[in-house]
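See structure below.
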Amino acid sequence: MPQAIVVGSGLAGLAAAFRLQEQGWSVTVLEASDRVGGRVLSESRDGFLLDVGPTLVTDKYTEYFKLIHDAGLSHLVVDSSPLIGVVRGRELHVIDASRPLSSFLKTKLLSPRAKLSLLIRARRLAKPLWKLNPYELSDRVHYDHESMGSYLNRVFGRELNETLFEAVARGMTLSTAEDASVLELFAGVVAASGRMQNLRGGMDALPRALAERFDVRLTSTVTAVRRTDGGVEVDYRDGSGALAQETADACVITAPFTDAAQLYPPLKEAGADLLRVTEYTGCYSLQLMYDHRPGREPFIIMVPKSASAEVCAVFLEHVKAPDRAPAGHSQFTAFFNLNSEIDFAGWSDTRLTEAARSFLESIFPELAGHFCGSHLTRWTYAAHKGNVGYYRALVSFLERYPADDPVQVAGDYMSVAGQESAVVAGVKAARRLLSHR
């Protein structure tokens, strides 16, 4: 029986482990932290179920939902509200994503003239979006020479950009529209399309269920990965701090790319350009709980800078799955982008909560006086920055790195960041190992 070691128990690592195991491999997963799931994390508090990391999936997440099905978790899937909100000033405009065109035309978000201009100019998106695979960008990499902000200003004009697209961009990327590659926009639009769905039991229901299938060793920090004549050797420190070593036929490293290159030096040559351009950024995820529900309930609220310089996006958790809040209560997740002009690192939990509450209760005044509590998670590492040039460097690495190497890498940095991209990367790494076994 062939053996594999997977470094990291996030979705990329667990997806790779699952696909290898179903093909008869014995898999050991080494995880540096004391839990599985990586940035996918759910916590319970006072009857609320809080997804403090990623909070959204759609039925366009093909590999993600195939993994859900194959792991026997399809019964956990529920549809979320199809409503999307966009803030202009202090007014919330709601669009029904299940009938986007007719709903958009009825909204007062834009003037009739601006709507007509948008519809005319939107035709220019047809070519870059046509048959685009968000997780295989090599045939679109020629677009990776312009920022999202520059493209939107050029194609749609500054007024439409600041009114609508800036809000979309802030919720879509942890970079800024001025820095992020326009490929982030193209891939994000396709990846986020489709019916919004979620999982009962929390977003981490998937990694928790998958981890039960493998030998997962928590608090096991990998220090080096080497090729041998027979396969690979992996050095790590176990839970007691003692040095240990495992040998296997192959290895999948799912750490961020800069960390993976330190563990396995051959990555440095093939990925020199990628290492040069790779930057990471974080975000703060703040859950706000109320004992009252607002009058209107879009699942996603997109927030331009003119509406809030601090909060970049809001999710109404209680309308995405029925178990996220007790009856009659509501839960909101406000995201703060650490790549913004504001230095949130020096902000206290109280100051962040007050900023989010002030914004939220300005668009939902009926929530005032009903606040129950908050829960803040500071993600110092949330994703890579998909800045201009990143995807060209990524494609260069993928073309240069040998597909038959017994050490493969995976992670959501392999395309536009997200849960689907993590699963796709893990599945691809497993397929490469299987095809060259």
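Read-outs throughout are calculated quantities, based only on the coordinates presented, and are distinct from any laboratory measurement. Note that the structure is a prediction, hence the values are computed from the model and not measured. Glycine gets a Cβ as well: all are built from the backbone with ideal geometry, and neighbour counts include every protein chain shown.
Just to confirm a number: summing +1 for Lys and Arg and -1 for Asp and Glu over residues other than residue 224 whose beta-carbon lies under 13 angstrom from that of residue 224, what do you get?
Values: positive: 226, 227, 237; negative: 233, 235, 246, 259.
Local charge sum for residue 224: -1.
Given only helices, namely DSSP H runs of n ≥ 4 each adding -39500 (n - 2.57), what is the per-residue ellipticity at 222 nm of the chain, to the nearest 500 deg cm²/dmol?
Computed ellipticity for the chain at 222 nm equals -9000 deg cm²/dmol.
What are the ³J(HN,Hα) couplings of region 79-91, residue after residue, when phi is run through the Karplus curve with 6.51, -1.76, 1.60 and θ = phi - 60°? Round to Hz, x for glycine and proline.
Residue by residue, region 79-91 yields 7, 9, 4, x, 7, 10, x, 10, 8, 10, x, 10, 9 Hz.
What size of dipole, in debye to the nearest 20, comes out for the chain about its Cα centre when the only charges are +1 on Lys and Arg C-beta atoms and -1 on Asp and Glu C-beta atoms? Mind showing how you got there, number by number?
Working: 47 positive and 51 negative charges, 325 e Å.
In total the dipole reaches around 1560 debye.
Tell me the relative contact order for the chain as a rounded percent, counting alpha carbon contacts under 8 Å between residues six or more apart.
Over the chain, the number comes to 26 percent.
Within the P(r) computed for the chain, what percentage of the Cα pairs occupies the region above 39 Å?
On the way: 18964 of 95266 pairs.
Value for the chain: 20 percent of Cα pairs lie more than 39 Å apart.
List the residues, sorted by chain then number, that are 5 or more residues from residue 35 or on another chain and whose placed amide H is less than 5 Å from its amide H.
Under 5 Å from the amide H of residue 35: 219.
If a helix is a whole DSSP H run, which ones in the chain reach 27 Å or further along their own axis (Cα) and hold a mean Kyte-Doolittle hydropathy of at least 1.0? The partial results should precede the final answer.
Details: long enough: none.
Flagged H segments: there are none.
Can you tell me what share of the DSSP beta bridges in the chain is antiparallel? A percent to the nearest 5 is fine. It would help to have the intermediate numbers written out before the result.
Working: 56 of 74 bridges.
Restricted to the chain, the bridges split so that about 75 percent are antiparallel.
So what does the Cα-only Debye profile of region 341-437 read at q = 0.10, 0.23, 0.25 Å⁻¹, as log10 I(q)/I(0), no solvent term?
Log10 of I(q)/I(0), two decimals: -0.52, -1.19, -1.28.
Quick one: give the max-minus-min coordinate of the C-alpha atoms of region 6-159 along each principal axis, largest first, in Å.
61, 47, 27
Would you mind calculating the relative contact order of region 101-192 from Cα pairs under 8 angstrom and at least 6 residues apart, reporting the percent as a whole number? Intermediate results must be reported in sequence, preceding the final value.
Working: 74 pairs, mean separation 32.2, N = 92.
Answer for region 101-192 is 35 percent.
Once you wrap a convex hull around the alpha carbon atoms of region 96-238, what is its projected area averaged over all directions, in nm²? Mind showing how you got there, number by number?
Details: hull surface 55.3 nm².
Spelled out: convex hull of the Cα atoms, projected over all directions, averaged, 13.8 nm².
Highest mean first, how do 41-47, 309-315, 401-407, 127-133 rank when packing is the count of other Cβ atoms within 10 Å averaged over residues? Write down the numbers at each step before the final one.
Working: 41-47: 14.6, 309-315: 22.0, 401-407: 16.7, 127-133: 12.7.
Taking the mean over residues of other Cβ atoms within 10 Å, the ranking is 309-315, 401-407, 41-47, 127-133.
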